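I have placed the structure first, in the form of structure tokens, so that the comments after it can refer back to it.
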Amino acid sequence: MTTRTTRRWFLVAVNACLATALLAFGGTVVADTAPVADAGASSHTAAPVARPAPDRAAIASTHPLAAEAGMEILAKGGNAFDAAVAVAAAIGVADPKGAGLGGGGFFLLHQASDGRDVFVDAREVAPAAATRDMFLDAAGNPVPDLSTRSAKAAGIPGIPAALDHLATSYGRLPLAASLEPAIRLARRGFRNSPAMALENQLAYESEGSAGPVDSEFARVYLVDGKPPPAGYLIRQPDLAKSLEKLARSGAETFYRGSFQYQLVMAVRGLGGLWSLDDLANYLIVEREPIVATYRGLRIVSAPPPSSGGVWLACVLNTLSGYDRAKLDSATWKHLILEAMRRAHRDRAQYLGDPAFTNVPVAMLTSPDYAAGLRASIRPDKVTPSDMLPGYAGDAVEQPHTTHFSILDAEGNRVAATITLNGWYGARLVIPGTGILLNNEMDDFAMKPGAPNMYGLVGASANAIAPGRRPLSSMSPTFVESDRGLLILGSPGGSYIPSMVLLGILARQQGADAAAIAATPRFHHQYLPDATFAEPAAFTAEERADLERRGHTFRPWPEDIGNLQVVTWDYATGAVAAAADPRRAGAGLVR
Ligand code: DON
């Protein structure tokens, strides 16, 4: 694969150290003179064995039209990275409640030509005017809705930069070509499917109907004040114009050009904090993924500022010390829950943006550290979260986002989780652009120990600071073994790593793509001290047994989770794609 270096106007840092150096430099680096660093492969992220190409391509996405957009671009000669641009842009049109140009996200890439894995961090950053206590009132308490339903909730978006970067540095087609299906969908419109209407209605009922409704949001995204009904022709001419600008001038127009001024003025008009410099200084960071191993599987996942990869490594290392075959199923699930609890305690205590806080990744992902955690687990009894040492109470996450998984016929892969954070983000639209504001600032720990929209608590490692990336749970992941490849990820805020973990454990037991996507879910996040579970996750006997050990149960939140899975079996060459059977997505293989 050739790496094109033209028109990369924004900086791409190799790793967190360089990003730190750049930020410490005052964020005033002149892009034209800055080197564009090539994130070269390191030995630990190179794929262990070269494989023949799969010859078929697979895409799983939360909206069938977005998966089709990706397939269209592959058919036009694009690779998985061009397809990722097409799917991400089309999702912003077909399923705008979960992601879009006004949001951020993570793209985990694998280049088949050299086996290199790289993590493209397009997370939103806090504006320069952000302050640690900006969401607290005079008494030090969080002001209701300020971090979720106001323009102040919006971080500086990374998606436009990411799409340009993917096309320019990894793709084969011009950005404009890969954006074309999304532009068509926005301009000509499409009929809302019954499945998507139902999915969005459920989300609306559970979280979308409360609070005041912004008139521009209602004009662009609602029909009679509610999500569009089945069969409704959804046309988005403003968003089509914004996508056309991106296609014509690249992300430069968004961050440093004529569009930049329009966006900043409009967001300030809505009461937001964005400045021209905030957009001009936005950086994408290319990072080394987290790599873990578990019983013959090699797991490649998201590094900080996501907690996902560190959390997965910690839980899998903890579980490696137990022989599942010798355990009854209730004991096995008890151990999984206890490992989840401990890894979430560490998330709250240690994790944040690595450019601002020293995240002890080596410690948290070490098997020796996991052995220490294991020593504190009693097989017969829960450890109540408030008896776990470490978390000083000085540190807590929202539910709409999207994930897609892509494998092309050459073996290039993408696992991408992208987001606006809440349902349609802050539910504010930049007037005349169709662009929804994210509310990613809510992912910061706005007050030590105060729970955010996911009930997550957090520490000073995740406090608000200018230019900082809020801690994420998004966990786009590759899993490889001698048997084959699994690409997976999901929306679901703090529940994401648990769903990915259960997918990995199911894979280890031989599950196929459809079974992995359907795997019944359970989750523990340290606080609140409770097990969240789908009804099928535990038999009545297992549940009674776990209750005897001290576990308490709460229902799995209905609108959480949308796993998108692609698999490739090396022995048979079979390629499969599965969308979460609980939702309206699609898995396509061609
Ligand atoms: O970055 C995060 O962890 C959250 N902002 C993701 C939000 C999310 O997954 C909502 N999904 N249902």
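Read the figures in this text as sums done on the coordinates, not as results from a lab. Note that the structure is predicted; figures quoted are calculated from it, not measured. All Cβ positions, glycine included, derive from the backbone under ideal geometry; neighbour counts span all protein chains shown.
Positive end of the dipole of the chain (Cβ unit charges, origin at the Cα centre): among G257, A57, G77, the Cα lying farthest that way belongs to G77. Seen through its C-alpha gyration tensor, with square-root eigenvalues sorted a ≥ b ≥ c, the range 195-256 comes out prolate because a/c lies at 1.5 or above while a/b is bigger than b/c.
Counting every other Cβ atom within 10 Å of each residue's Cβ, S307, S215 order from fewest to most as S215, S307.
Rounded to the nearest 20 debye, the dipole size of the chain about its Cα centre is 440 debye, using +1 on the Cβ of Lys and Arg and -1 on the Cβ of Asp and Glu.
Using the Cβ-Cβ distance between R549 and D145 with R0 set to 35 Å, the FRET efficiency from 1/(1 + (r/R0)^6) comes to roughly 0.35. With K and R counted +1 and D and E -1, the other residues having a Cβ less than 12 Å from that of L364 yield a net charge of +1. Distance between the 7 Å Cα→Cβ label points at D133 and A53: 6.0 nm.
Net length available on complete extension from A371 to K76 is 101.2 nm, with 0.36 nm assigned per residue and the Cα-Cα distance removed. Ranking of W332, W568 by neighbouring Cβ atoms within 10 Å, starting from the fewest: W332, W568. Can you tell me how the range 420-484 classifies by the Cα gyration tensor, rounded, prolate or oblate, using a/c under 1.5 as the rounded cut? Since a/c reaches 1.5 but b/c is at least a/b, the shape of the range 420-484 is classed as oblate.
Backbone phi angles across the range 533-543, fed through the Karplus curve with coefficients 6.51, -1.76 and 1.60 (θ = phi - 60°), yield HN-Hα couplings of 8, 6, x, 7, 6, 9, 6, 4, 5, 4, 5 Hz in residue order; Gly and Pro are listed as x.
Rg over Rh of the chain, using C-alpha atoms and the Kirkwood radius, what does it come to?
0.94
Of R342, R468, R268, the sequence from fewest to most neighbouring Cβ atoms within 10 angstrom is R268, R468, R342. You can think of it this way: the chain between L233 and S209 has 6.4 nm of extra reach, that is 0.36 nm per residue less the Cα-Cα gap. Comparing Cα centroids, the range 457-479 and the range 60-101 end up 25 angstrom apart. Pairs from the list K152/K333; K76/K226; K97/K245; K76/K152 with a Cα-Cα gap above 31 Å: K152/K333; K76/K226; K76/K152. Only one residue of A530, F217, I496 has its Cα farthest out toward the positive end of the dipole of the chain, where Lys and Arg carry +1 and Asp and Glu -1 on Cβ, and that residue is F217.
Our note on the geometry: Cα centres of the range 236-290 and the range 533-590, 36 Å apart.
The range 126-182 and the range 403-449 have Cα centres separated by 8 Å. When all alpha carbon pairs of the range 227-359 are counted in 10 Å bins from zero, the resulting P(r) reads 10, 22, 20, 21, 19, 7, 0 %.
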